[in-house]
Structures are given as structure tokens and as C-alpha cells.
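Below: one structure in C-alpha cells.
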Amino acid sequence: MSLNLQEKILQAASELFYSQGIRATGVDAIVKAANTTKMSLYKYFLSKDDLVLAFLRKRDEDFRAWFVEQIDAKADTPKAKLLAVFDVIGEWMAVPEFRGCAFINAAAEFPLEGNPVHQVSAEFYDHFRSYIADLAGQCGSKSPESLALQLSLLVEGAIVSEQMKRHSGAAEQAKQAAIILIEGSLSYIPDLSLSTTNTQEQQ
């Protein structure tokens, strides 16, 4: 299916923002890549800032849909899905076009928390942690939110490590750490009713 002009501009901008950086990418480069004019760009996007936000929101929607689809294809239980997160991340980081996480990169370029770009980037990880927390809850985690934050930190750290040094093995190492965290969160809780029965028998 062919793209309309607005979609073509957004696609061209998205590729440049991700590969070159947001601040390093000017409007001239975007219109050249999209084979259009500034007048056409500003017809659909009032400013470069609006185009950046459109890029991040589309990236959020597309990446999360793709990510969940990949997880569901690899695992069929909540616990297995938590571990599959690191397999999917590892495969994504192995592609030649990998330039890190678009949201981590954007937040670094726009570090003030009140900036809309920073806020949209932070929202992505809020959604990601909610997804992980839901899986953790289904597993019977004692503290799903805490486990979700811990696993998210492993994912984010692995992404940055791989961005700094390719073929670092960061995803696999993060997965090994995740196994320990997951098992700890799901650790055996004694059956108090059984303990009471044993005590009565001893009496």
C-alpha cells in the first residue's frame, strides 16, 4: 500500500530521527528525504516539535504492538513471557539498524521532565512496566510493580550497554539476572494451615 504524503513525511523523519538524532536532523534533511517541500511538511505538522512528537507516538504504538506479538509467539505462560522479553530484546538489538532505544535517546536529548518530548518518552516506559507488572501479577509475584521496575531496569541497561558496544551479550546477561529476580519474587510462601496441622499433631 502506497503512503500518502503525510505518512511519507513521518516515515522519512522517523528514520532520520532514529538514525541521526532529533536535534541533528533539520527540516531540510527531512523534506529532501521525503521528496517534498517545507510548505507541504508544515501543512501536516505545524512545527518540527509536532513532527518529533508524532514520530515518538507512532514509534510507541508500533513497537509495543510488535513487541507483544513477538512475546506471545515465543511463550504461552506468564513466567515464560517474562523471560521471553529478554530474548525479543536481544534479537531486536542484533539487527544492523539498531541505534538504541528511541525513547531513551529522545529523553537524553530533551532532559527536562516538563518537556513534551521527555514526557512522551517516559510514558513509553510507563506502558512497558505496566505490561511487565501484569505478567508478574499473573505469575503470582509478591510485588508485581517492584519486579516490573527491576526487570525494566535490566532491559534499559542492556539496551544502553549494547548501544555503547555492539555484540556485548548484554541481553543474555540481563536474562540471567532476571531469572534470579523472578524466582525471588515467586519464592515459596509457607502454607500456614499446614503448619498449624503439624503443630496440632505434635501436641
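Coordinate-derived values only; no laboratory data. Values in this document were obtained by computation on a predicted structure and should not be read as measured data. When we count neighbours, we look across all protein chains shown, and the Cβ atoms used for this are built from the backbone with ideal geometry, even at glycine.
Once mean projected area of the Cα convex hull in nm² is worked out from the coordinates, which option in [x] 12.3; [y] 10.8; [z] 15.0 does it equal?
Comparing each candidate, only [z] matches the computed number.
Among all stretches of the chain without exposed GluC sites (Glu not before Pro) (DSSP loop, at most 15 other Cβ atoms within 10 Å), which one is longest? Write out the running numbers ahead of the final one.
Working: sites that count: Glu97, Glu113.
The reported range is 1-96.
Among Leu149, Ile132, Val95, which residue has its Cα positioned farthest towards the positive end of the charge dipole of the chain, with +1 placed on the Cβ of Lys and Arg, -1 on the Cβ of Asp and Glu, and the dipole taken about the Cα centre?
Looking along the dipole axis, the top candidate is Val95.
If R0 is 41 Å, what FRET efficiency do you get for Met39 and Glu113 from their C-beta distance, rounded to 0.05?
Numbers: r = 34 Å, r/R0 = 0.84.
Plugging the Cβ-Cβ distance into 1/(1 + (r/R0)^6) gives 0.75.
Charges at C-beta only: +1 for Lys and Arg, -1 for Asp and Glu. How large is the resulting dipole of segment 1-45 about its Cα centre, in Debye rounded to 20? The partial results should precede the final answer.
Working: 5 positive and 3 negative charges, 26 e Å.
Value, rounded to 20: 120 debye.
When a/c reaches 1.5 or more, the comparison of a/b and b/c decides; with that in mind, is segment 57-172 rounded, prolate or oblate per its Cα gyration tensor? It would help to have the intermediate numbers written out before the result.
Working: a/c = 1.69, a/b = 1.24, b/c = 1.37.
It comes out oblate by the Cα gyration axes.
Another question, then. Calculated from DSSP H runs of 4 or more alone, at -39500 (n - 2.57) each and per residue, what is the 222 nm mean residue ellipticity of the chain, nearest 500? List each step's numbers first, then the result.
Numbers: 10 runs with 154 residues, N = 203.
Calculated mean residue ellipticity at 222 nm is -25000 deg cm²/dmol.
Hey, which lysines would be in cross-link range of Lys48, C-alpha to C-alpha under 23 Å, not counting anything within fewer than 8 residues on its own chain?
Excluding near neighbours in sequence, the set is Lys8, Lys32, Lys38, Lys58.
Find how many whole Å separate the alpha carbon centroid of segment 130-182 from the alpha carbon centroid of segment 30-83.
22
Give, rounded to the nearest 20 debye, the magnitude of the charge dipole that the chain has about its Cα centre when Lys and Arg contribute +1 at Cβ and Asp and Glu contribute -1 at Cβ.
On the way: 19 positive and 26 negative charges, 152 e Å.
Using only the charged Cβ atoms, the result is roughly 720 debye.
Name the residue, out of Met93, Met39, Met164, whose mean-square fluctuation peaks in a Gaussian network model built on the chain with Cα pairs under 10 Å.
Result for the chain, Cα springs under 10 Å: Met39 fluctuates most.
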